[in-house]
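One structure below.
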Amino acid sequence: MGNKYLLIIGGNSDIAKECAIEFAKHNFNLILTTRNKNKLEEFSKDLKNLYDIDIIIEELDILDFSYHSEFWNKVKNYNIEVVLISVGYLGNQELAEQNTEESLKIINTNYTALVNLINIISNDLKEKRNKTIIGISSVAGDRGRKSNYIYGSAKAGFSCYLDGLRHKLYNYNIHVITVKPGLVYTKMTSHLKLPKFLTTTPNKVAKDIYKAYLKKINTLYTPFFWKIIINIIKLIPENIFKKINL
């Protein structure tokens, strides 16, 4: 058993679980957060038996801003090498257009709460240096579309925040990675009809994230071809783009 830890915020997501497995294979101990410990106990037990690592489960509701500092104080003395933010809430676009509560839930879950927590974590990590922060954003933040522009705008803000944080923490030798997955088969997208040739699995995303960690990549599009797709979409003139049904 090694002494380095991966802290995953949002440990019950499909991508988070695959990342936990991938890092566990490489001798990382784990600190996993979830709103309900019971959801991760069996998964945690299996990983412990398989890889002989230490796994800690902490309850955390990302929308409970007042608990963020207390949470970090509980875990900060572990040798946390990597912090992975894997929190996301797609929400309902049409409902959010009419309902303030739904709109704020999308924005706060995908942006505001994450900024608050990462600010707390990064201010402390500056004193320790040689760490990595990985934030999972989305290609949805690269250009607004009518189907999910509230979610997309929150992800755009989160991507911009991570860019600035990377710039800020460079002199502290803390690397920040922005992960922009394309379409992924997860619980969050299970109600959507996704094109098979453009959609990947959480396992593939996790492997790409671990490679990005090793190579200190700044921005990771996963699968890689989404960078090409997004660059093409960005080039479409607005007076044409607004007529396209995306």
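What is the residue count in region 20-78 for residues that are in contact with a strand residue (DSSP E or B) (Cβ under 8 Å, 6 or more places away or on another chain) and either over 24 Å from Leu104 (Cα atoms) or not in a helix (DSSP H, G or I) (or both)?
Total satisfying the criteria: 30.
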Practice task
Output the residues belonging to region 117-158 that are in contact (Cβ under 8 Å) with a residue 60 or more places away in the chain, touching a Lys or Arg at 6+ places or on another chain (Cβ under 7 Å) and not basic (Lys, Arg).
Solution key: Val139, Asp142
Problem - Qualifying residue in region 98-106 (condition: farther than 16 Å from Ile62 by Cβ, surrounded by 17 or more Cβ atoms within 10 Å (Cβ to Cβ) and touching a residue at least 24 places away in the same chain (Cβ under 8 Å)) - result: yes
Exercise for the section: Output yes when any residue across region 7-17 is in contact (Cβ under 8 Å) with a residue 40 or more places away in the chain, surrounded by 23 or more Cβ atoms within 10 Å (Cβ to Cβ), under 18 Å from the mean Cα position of the chain (by Cα) and within 15 Å of Asn203 (Cβ to Cβ), and no when none is. Expected result: yes
Practice task
Output the number of residues of region 141-170 satisfying the condition of being within 23 Å of Gly11 (Cβ to Cβ) and at pLDDT below 95.
Solution key: 0
Practice task
Please enumerate the residues belonging to region 26-36 that are loosely packed, with under 14 Cβ neighbours inside 10 Å and either among the hydrophobic types (A, V, I, L, M, F, W, C) or more than 19 Å from the chain's Cα centre (by Cα) (or both).
Solution key: His26, Asn27
Practice task
Kindly check whether there is at least one residue in region 99-115 that is within 17 Å of the chain's Cα centre (by Cα), over 24 Å from His68 (Cα atoms) and modelled with pLDDT of 95 or more.
Solution key: no
Completion exercise
Of the conditions (1) part of a loop (DSSP other than H, G, I, E, B); (2) farther than 23 Å from Leu104 by Cβ, the single one that Asn12 does not satisfy is (2)
Practice task
Return yes or no: is Ser44 out of contact with any Ser or Thr (no Cβ under 8 Å at 6 or more places or on another chain), of a type in the set (Gly, Ala, Ser), free of Cβ contacts under 8 Å to residues at least 12 places away in the same chain and more than 17 Å from Asn203 (Cβ to Cβ)?
Solution key: no
Handout entry: Residues (over 16 Å from Lys4 (Cα atoms) and surrounded by 15 or more Cβ atoms within 10 Å (Cβ to Cβ)) located in region 70-81
Key = Phe71, Trp72
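Within region 202-244, restricting attention to residues that are part of a loop (DSSP other than H, G, I, E, B) and in contact (Cβ under 8 Å) with a residue 24 or more places away in the chain, which residue is nearest to Gly164 (Cα to Cα)? Break it down into steps so the answer makes sense when it comes.
From region 202-244, those part of a loop (DSSP other than H, G, I, E, B) are 216-218, 223-224, 236-237, 242-244; that's our starting set.
Checking which are in contact (Cβ under 8 Å) with a residue 24 or more places away in the chain leaves us with 216-218, 223.
Working: Lys216: 16, Ile217: 15, Asn218: 12, Pro223: 24 Å.
In this case the residue turns out to be Asn218.
Just to be sure I understand, how many residues within region 155-201 are polar (S, T, N, Q) and surrounded by fewer than 14 Cβ atoms within 10 Å (Cβ to Cβ)?
3
The values are calculated or read from the model by the stated rules, or taken from the named source; none is laboratory data. Just so it is clear, the model here is predicted, and its values are computed rather than measured. FYI the Cβ positions are ideal-geometry reconstructions off the backbone, even for glycines, and counts take in every protein chain you see.
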